[in-house]
Amino acid sequence: MKKLAPELLEELKEKKEPEKGLPPLEINGSLVMRFAPNPNGPPTLGSARGIVVNSEYTGRYNGKLIIRFDDTDPVTKRPMLEAYDWYLEDCLWLGTKPDEVIIASDRIPLYYETAEQLIRKDGAYVCFCKQEVFKALKDEKKACPHREQGVEKNLGLWKDMLSSCYKEQEAVLRIKTDIAHRDPAIRDWVAFRIIKTPHPRPSVGDRYCVWPLLDFEGAIEDHLCGTTHIIRGKDLIDSERRQRYIYKYMGWAYPKTLHWGRVQIYEFGKLSTSAIKKAIAEGIYTGWDDPRLPTIRAIRRRGIRPEALRKFMIDLGLGETDISLSLDTLYAENRKIIDPIANRYFFVWSPVKMEIEDAEPKVAKAPLHPSRGGIREIPVGTEVLVCRDDVETLKVGERLRLKDLYNIQITGISPLRAKFIGTDIDLIKKEKARIIHWAPTDGLKVRVLSPDGEYTGTGERGIEKELDRVVQFERFGFVRIDSVDDGVVAYFTHR
RNA sequence: GCUCCGAUAGUGUAGCACGGCCAAUCAUGUCAGACUCUCACUCUGACGACUGGGGUUCAAAUCCCCAUCGGAGCACCA
């Protein structure tokens, strides 16, 4: 068959292995996609999905990827200056370098230009209605008095808006849609409002007092950027219907859209960016990379590999169903990468000292990795440290083995004492006795920061040589060695 | 209230646009066993789902209707 019809074989393989993660994209000509975050906080796991999926597609189809900062709200979702770079950093970490970076707050004049054109086409009008008044009219499918005030008047009023003639809340520019549209969400929506708070970016500052809302800014940008495909949350599904009015007035072609549902991560529950910001300020979290947070920076600091995160995100696929997922799958993915390369070490949490009678001081030789070779040497005297968890289940008379050291028999619980009873591992195997790990009494002070708290204890020497690497603390889990200055600080990866 | 979506095992997904090959895929999880000087890794096996009700049809996870449940929008937030 290989000889007769290799292409058939190929086809067979493809049929058997359909697109596991992302569905194929319908493309006419070229592909341009964008990832459009608001930099009001650092990238989260949710952002990672956007970065990964968009870049996966542009990579697959040789398209162009744009990162666009939708930072047009200086107040409610005020951008954070550091976050712009954080996004770029995290993109790189995830293996993606956007082909172009666009910052909306740099391009306000472009939006003004389109706004004016829309007014000239009688597709937008300046409205002075109070919010509640307009809502009441809208709910009854009734136009407000400003809707038909005429193009010339609108142009004048728009100029006045731009020249700061009005206060906040006093005037807005609305897009004329269909005031009787069956879906109230579509009726004459607001495109620009007045904000006098300066923008946090120094280069922008108080230059503008009229700011576009997302639906307007996004609509114009997607056209200017030549976006062919948009993937966004289904909470923005109405955006398309709203934005299409602009596209119709301007004679533009609307990009293809795809949506995904809301993601809830089991381990983190619902943490909003603003809530986290507050908690950090109050000192509840140590910072945006606190291991308890669902930010990319935190995940990275914990030693999750970007390839694992990518695969995890791609396997989620593209569904409009809301999903609530557990990170177990991500951890399993990461373990596959990390387990073959992570060196093993002993770390004893909540250590308890154990005295061993009849023991000769010696140097334990333990493998650095169960299958890759390499040896670590740990000198021991007549005392070792073991975990309180283990001690709590010990009984006097019980025989067990200190891993990679020798066999002992418990002679007392408090204080904890044991006696040396030989080095032969077979004895332990025959008795199916336990094997526990231990640490030398003069080991390193180790702190492990994990999503569910902090573990402190003692680790064997040598860990300090693994700075910035992921290792496995035997019978504990994987950790990334974060610092070794004053004792070791490790970030918990997963079990 | 008005307008949209969506619903496959504990979780996430494949299959659904062109009904039969689906007593339903893969991954993760859980349990049991093997291996192992780690409660890790690996291996083996088991567990486990088409939301419900009608209809169309020789045949429905796939098409239609209703119900239920879940989500979103109706902001001068993104």
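No lab work stands behind these numbers, since they all come straight from the coordinates. Quick caveat: nothing in here was measured; it's all calculated off a predicted structure. Cβ: placed from backbone, ideal geometry, glycine included. Neighbour counts: every protein chain shown.
I need the Kirkwood Rh of segment A:107-212: take the reciprocal of the average 1/r across all distinct C-alpha pairs and report it in angstrom. About 14.2 Å, per the Kirkwood formula over Cα pairs. The average projected area of segment A:39-111, computed from the convex hull of its Cα atoms over all directions, is 5.2 nm². Could you please report the charge total around A:GLU357, scoring K, R as +1 and D, E as -1 over all other residues with beta-carbon less than 13 angstrom from its beta-carbon? So the environment of A:GLU357 carries a net charge of -2. Secondary structure note: in segment A:344-494, about 75% of the DSSP beta bridges are antiparallel.
Rounded to the nearest 5, what is the percent of antiparallel bridges among the DSSP beta bridges in chain A? Numbers along the way, then the final one.
On the way: 53 of 82 bridges.
The answer is about 65 percent antiparallel.
The HN-Hα couplings worked out from phi for segment A:121-134 by the Karplus form 6.51 cos²θ - 1.76 cosθ + 1.60 (θ = phi - 60°) are 7, 6, x, 8, 8, 7, 10, 10, 5, 5, 3, 5, 5, 5 Hz, whole numbers, x standing for Gly and Pro.
Using θ = phi - 60° in the Karplus curve 6.51 cos²θ - 1.76 cosθ + 1.60, the 3J(HN,Hα) couplings for segment A:299-312 round to 4, 5, 5, 7, x, 6, 7, x, 4, 5, 5, 4, 4, 4 Hz; x is entered for Gly and Pro. Considering every alpha-carbon pair of segment A:344-494, the percent of pairs per 5 Å bin, from zero through the bin containing the longest distance, is 2, 10, 19, 22, 21, 14, 9, 4, 0.
When all alpha carbon pairs of chain A are counted in 10 Å bins from zero, the resulting P(r) reads 4, 15, 20, 18, 14, 11, 8, 5, 3, 0, 0 %. When you count the other C-beta atoms within 10 angstrom of each residue and take the mean per peptide, A:79-88, A:163-172 line up highest first as A:79-88, A:163-172.
Comparing Cα centroids, segment A:159-211 and segment A:134-152 end up 16 angstrom apart. Once backbone amide H atoms are built at 1.01 Å from N, A:SER483 has A:VAL489 as its partners under 5 Å, excluding neighbours fewer than 5 places away on the same chain.
For segment A:211-331, DSSP calls about 10 percent of its internal beta bridges antiparallel.
Within segment A:231-370, how many Lys pairs sit with Cα atoms under 19 Å apart, leaving out pairs fewer than 8 places apart on the same chain?
6
Each peptide in A:46-57, A:173-184 was scored by the mean count of other Cβ atoms within 10 Å over its residues; highest first, the order is A:46-57, A:173-184.
Packing order of peptides A:335-347, A:264-276, highest average first: A:335-347, A:264-276 (average count of other Cβ atoms within 10 Å over each peptide's residues).
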